[in-house]
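One structure below.
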Amino acid sequence: MSLRRLLLLSLGGTITMVPSAEGGIAPRLGAVELVASVPDLAKVASIEADSPARLPSPSLTPAHLVDVAQRIAAAFAAGVDGAVVIQGTDTIEESAFLLDLLVAGDKPVVVTGAMRGAAAPGADGPANLLAAARVAASDAARGLGTLVVLNDEIHAARFVQKSHTALTSAFTSPMAGPLGLVAEDRVRILVRIDRTPPMAADAGPPAPVALIRWAMGDDGRMLGALSGLGYAGAVIEGMGAGHVPADAVEAVGALAAQMPVVLASRCATGPVFSETYGYPGGEIDLIRRGAIPAGTLSGPKARLLAGLALRRGGGRDATIGAFAHFQ
Ligand code: ASP
């Protein structure tokens, strides 16, 4: 049987980083060098490699990922079977979710990176890259949308998060657990999920959406400044199941009258509620004042989804529609 064809795009990150003359490690390696450093890849797939960026992932923007989504769609249309995207781990959960929303169809898209630099003892990049390619080339991963593979675990884009600053086991999916693993060179999918409804990849990057995390005693005065800053919407990470202090409800309501406001939680996992707490500042109150529940999405992921819904004049109704799948 002929080998599967994979597109491999490298955007940078620790997996591409080596010591620099200025001190510390910095992104230097490109996709071709990374592929050459893992000879076993040649047994897994025929790989077309490119390096659209060499950046630390905090400097990636949603526009980079829109470009990546379009490159992947073009490659899939030309017969490529799967895609691997390499990038820094700091923003993998956001990049993967954007690709999940923007790349339609059943072919696997897998995002990977590394927690240790390419020259570090025990560098995890080569093993992560090989596992990611195995998943992207597998039949088992078809129809699951964009996946994140690190530490031999396979995570769904909508659930995965970076949960540790240092360990090679940093990636977890606390809401649902990983979908599977790579063991004995075999891709084992243990749980299947429905596909995220795709959104247009040719309608530009997400509109700007503010992300605000609530903390004890905050009366929401910052919200008053938002409307003059050019944001199309805002996401609030409320306390617990989606709550703010009673002192802050007027500010939330006033903002929701000006732009779509999405209510997420600052908790690491769990859905925001919609019909339990009836006190001032509870989720029932905030939803009555116009807030749109983020469902099971984290604040950063809700921010991206709202931004995509708000492109090209989309407003509150488009935002509500986009979040319906995640309630
Ligand atoms: N700061 C790095 C980045 O996200 C971390 C990593 O790649 O692991 O680019």
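Read the figures in this text as sums done on the coordinates, not as results from a lab. Bear in mind the structure is a predicted one, so any value in this text is a computation, not a measurement. When we count neighbours, we look across all protein chains shown, and the Cβ atoms used for this are built from the backbone with ideal geometry, even at glycine.
In the calculated pair-distance distribution of the range 245-327, the portion above 22 angstrom amounts to 20 percent of the Cα-Cα pairs.
What's the exposure ranking of Asp202, Asp152, going from fewest to most Cβ atoms within 10 Å?
Result, fewest neighbours first: Asp202, Asp152.
If you take the Cα centroid of the range 138-168 and the Cα centroid of the range 242-283, the two points sit 30 Å apart.
Residues whose amide H comes within less than 5 Å of that of Gly233, counting only those at least five positions distant or on another chain, are Ala210 (H built at 1.01 Å from N in the peptide plane). Distance between the pseudo-spin-label points of Arg188 and Ala254 (7 Å out from Cα toward the beta carbon): 5.7 nm.
To the nearest 0.05, what FRET efficiency results for Arg288 and Ser59 with a Förster distance of 30 Å applied to their C-beta separation? Computed FRET efficiency for Arg288 and Ser59 comes out at 0.15. The equivalent ellipsoid that matches the C-alpha gyration tensor of the range 63-105 spans semi-axes of 19, 10, 9 angstrom, in descending order. Estimated translational diffusion coefficient (Stokes-Einstein, Kirkwood radius over Cα pairs, 25 °C, 0.890 mPa s) of the chain: 121 µm² per second. Note on the range 29-112: percent of Cα-Cα distances in each 5 Å bin, starting at 0 and stopping at the bin with the largest distance, equals 3, 13, 26, 25, 20, 11, 2. Shape summary of the range 98-253, radius of gyration then Dmax from alpha carbon positions: 19.5, 57 Å.
Label sites at Glu22 and Thr269, each approximated as a point 7 angstrom past Cα along Cα to Cβ, lie 3.8 nm apart.
Run the numbers on the range 1-130 and let me know its relative contact order in percent, using alpha-carbon pairs under 8 Å that are six or more apart.
34
Note on the chain: helix-only mean residue ellipticity at 222 nm, from DSSP H runs of 4+ residues weighted -39500 (n - 2.57) and normalised by residue number, equals -7500 deg cm²/dmol. Summing Cβ point charges (Lys, Arg +1; Asp, Glu -1) relative to the Cα centre of the chain gives a dipole of roughly 360 debye.
Within the straight-line cut-off of under 23 Å between alpha carbons, the lysines reachable from Lys43 are Lys107, sequence neighbours fewer than 8 places apart in one chain being disregarded. Taken over the range 168-327, the percentage of Cα pairs per 10 Å bin, counting from 0 up to the bin with the maximum distance, is 11, 38, 31, 15, 5, 1. For Lys162, the lysines whose Cα falls under 17 Å of its own Cα, not counting residues fewer than eight places away in the same chain, are Lys301. Each residue of the range 14-28 was assigned a 3J(HN,Hα) from its phi angle through the Karplus expression (A = 6.51, B = -1.76, C = 1.60, θ = phi - 60°), giving 4, 4, 9, 9, 9, x, 10, 4, 7, x, x, 9, 8, x, 10 Hz with x at Gly and Pro.
With an 8 Å Cα cut-off and a minimum separation of 6 or more residues, compute the relative contact order for the range 168-289 in percent. Value for the range 168-289: 21 percent.
Restricting the calculation to Cα atoms, the range 1-75 shows an Rg/Rh of 1.03 when the hydrodynamic-style radius is the Kirkwood one. The stretch between Ser169 and Asp50, if pulled fully straight at 0.36 nm per residue, gains 40.1 nm over its current Cα-Cα span. Taking the DSSP beta bridges with both ends in the chain, the antiparallel portion is around 35 percent. Sorting the segments 58-65, 22-29, 223-230 by their mean number of nearby beta carbons within 10 angstrom, highest to lowest, gives 58-65, 22-29, 223-230.
As a proxy for reagent exposure, ranking Thr172, Thr89, Thr16 by other Cβ atoms within 10 Å from fewest up yields Thr172, Thr89, Thr16.
The smallest convex shape that holds all Cα atoms of the range 1-140, its convex hull, gives 101 Å³ per residue. Residues whose amide H falls under 5 Å from that of Ala207, counting only those 5 or more places apart or on a different chain, are Leu308, Leu310, Arg311, with hydrogens built in the peptide plane.
Subtracting the Cα-Cα distance of Asp202 and Arg316 from their residue separation scaled by 0.36 nm leaves 38.9 nm. For Ala118, the residues whose modelled amide H falls within less than 5 Å of its own, excluding neighbours fewer than 5 places apart on the same chain, are Met17.
Using the Cβ-Cβ distance between Ser227 and Ala324 with R0 = 25 Å, the FRET efficiency computed as 1/(1 + (r/R0)^6) comes to roughly 0.45. Based on the reciprocal of the average 1/r between different C-alpha atoms, the Kirkwood radius for the range 213-260 equals 11.0 Å.
Taking the longest Cα principal axis of the chain as reference, the axis of helix 92-102 is set at about 90 degrees. Farthest toward the positive end of the dipole of the chain, out of Ala302, Pro198, Gln161, is the Cα of Pro198, where the dipole comes from beta carbon charges about the Cα centre. When Ser95, Ser57 are arranged by Cβ crowding within 10 Å, least crowded first, meaning fewest neighbours, the order is Ser57, Ser95.
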